[in-house]
Amino acid sequence: MPGVIDIMNYAPYVAPGLSGTEYRYEEFQTMVRTTLRPLLRDGVVTTQWGRQVKVDAPPAEADPTLYLDEAIKSLDESGCDMMVLACLKMWSYYHHHQLIVDMPEEVVAEAVAKAGDRFIGAAGYNPFRIDESLRRIETFVRDHGFKYVYFHPITFGIAPNDRRCYPLYAKCVELGIPVGMQVGHSAETLPSAVGHPMNVDDVAIDFPTLKINLSHTGWPWTGEFISMLWRHPNVYGDISAYYPKSLDAELIRAMDRQLRGKIMLGSNAFDLARCVRELQELPLKDTTKERIMRDNALEFLGL
């Protein structure tokens, strides 16, 4: 069987020194005490390919050094053929009013240049810097082969149908690439109402040729997430940020029925091998599992 496609991962997979610096900020410290707590062991978060970050250690500076051989070895061990590397931008909505995560497209571009058969570049978007963001997106798509934009409107306190997001959608249509965004509640202490999946309804109607990926299952609005994927031919969704065994039963049923051609597997920097294993153990048809692990992502990305 062909290998898995991870539709939702991040730049630190190939440059692990980019990860861990975010724990200096209050949003992440709160998340460690609440939603991330089940993943903690003795104050340590284990990130991709076994790297451990002590969350209360003095913050280190971000290190963009590529560890490509180790990353590809980890891909192979997980049975993963290709992985999307998103350049996440996160804003401190309450505490700092600045970018607290700003993963550089340049690092991902280098990984794509050296191993483009394994990694897919996804640019980020800052709706508070529209012109600059659009120029960078066009550069990295046209000059560096990026095939996707993933952004995080919830961290900026705006909904996907906010006017500041519409220039991004128009640019993606122009470039012929899909767009993805977080929907559902926020694991960090950020306003979750803007993450309601129904906010995407306007976008899907206004941009019918734009493929849209709704990341992170839309929970706790599972029914609304299902509705968006079911109703709109151009809307897909991924199950990243949740291990498959913890998925809502309503979503698991829909994955084997009306959403069979719409759901994609993503790790969100969780243990990819565990994500694949738990998906295989779900009570789904084999053909459904194959679509979720690979075929739907190929269709969504136009590969």
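The values are calculated or read from the model by the stated rules, or taken from the named source; none is laboratory data. Since the model is a prediction, treat every value here as computed from it, not as a measurement. For neighbour counting, all protein chains shown are included, and Cβ atoms are generated from backbone atoms with ideal geometry for every residue, glycine included.
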Only one residue in L251, L214, L259 is part of a strand (DSSP E or B) and without any contact (Cβ under 8 Å) to a residue 40 or more places away in the chain, so which one is that? L214
Residue under evaluation P64, criteria (1) surrounded by fewer than 23 Cβ atoms within 10 Å (Cβ to Cβ); (2) over 23 Å from D271 (Cα atoms), criterion not met: (2)
What do you reckon, is I137 modelled with pLDDT of 95 or more, of a type in the set (A, V, I, L, M) and in contact with a Gly (Cβ under 9 Å, 6 or more places away or on another chain)? yes
Among the residues of the stretch 175-188, are any surrounded by fewer than 16 Cβ atoms within 10 Å (Cβ to Cβ), assigned to a loop (DSSP other than H, G, I, E, B), touching a residue at least 40 places away in the same chain (Cβ under 8 Å) and among the small types (G, A, S)? yes
Any residue at all in the stretch 203-222 that is surrounded by 22 or more Cβ atoms within 10 Å (Cβ to Cβ), more than 26 Å from L134 (Cβ to Cβ) and not small (G, A, S)? yes
Counting only residues in the stretch 249-275 that are at pLDDT below 95 and over 16 Å from the mean Cα position of the chain (by Cα), the one farthest from E77 (Cα to Cα) is identified as R274
Among the numbered criteria (1) assigned to a loop (DSSP other than H, G, I, E, B); (2) more than 22 Å from G79 (Cα to Cα), which one does S227 miss? (1)
Somewhere in the stretch 269-276, is a residue out of contact with any helix residue (DSSP H, G or I) (no Cβ under 6 Å at 6 or more places or on another chain), part of a loop (DSSP other than H, G, I, E, B), surrounded by fewer than 24 Cβ atoms within 10 Å (Cβ to Cβ) and small (G, A, S)? no
Considering residues of the stretch 115-141 that are of a type in the set (D, E, K, R) and under 18 Å from P104 (Cβ atoms) only, the residue surrounded by the most Cβ atoms within 10 Å (Cβ to Cβ): R136
Looking only at residues that are out of contact with any Phe, Trp or Tyr (no Cβ under 8 Å at 6 or more places or on another chain) and in contact (Cβ under 8 Å) with a residue 40 or more places away in the chain in the stretch 189-202, which one is surrounded by the fewest Cβ atoms within 10 Å (Cβ to Cβ)? D202
Some residue of the stretch 149-161 being among the polar types (S, T, N, Q), within 16 Å of the chain's Cα centre (by Cα), outside any strand (DSSP E or B) and closer than 17 Å to A86 by Cα: yes
Would you confirm, using the coordinates I've provided, whether N161 is closer than 23 Å to I239 by Cα, in contact (Cβ under 8 Å) with a residue 12 or more places away in the chain and polar (S, T, N, Q)? yes
Strands (runs of 3 or more DSSP E) contained in the stretch 17-120 and holding at least 1 residues modelled with pLDDT of 90 or more: 80-86, 89-91, 99-102
Residue check for L85: touching a residue at least 40 places away in the same chain (Cβ under 8 Å), crowded, with 22+ Cβ neighbours inside 10 Å and closer than 19 Å to Y67 by Cα: yes
If W230 passes every condition in (1) farther than 15 Å from V179 by Cβ; (2) in contact (Cβ under 8 Å) with a residue 40 or more places away in the chain but one, which one does it miss? (2)
Pairs where the first residue, in the stretch 109-134, is without any contact (Cβ under 8 Å) to a residue 60 or more places away in the chain and the second is basic (K, R) and part of a strand (DSSP E or B), C-beta under 7 Å, 6+ apart: G124/K89; Y125/K89; N126/K89
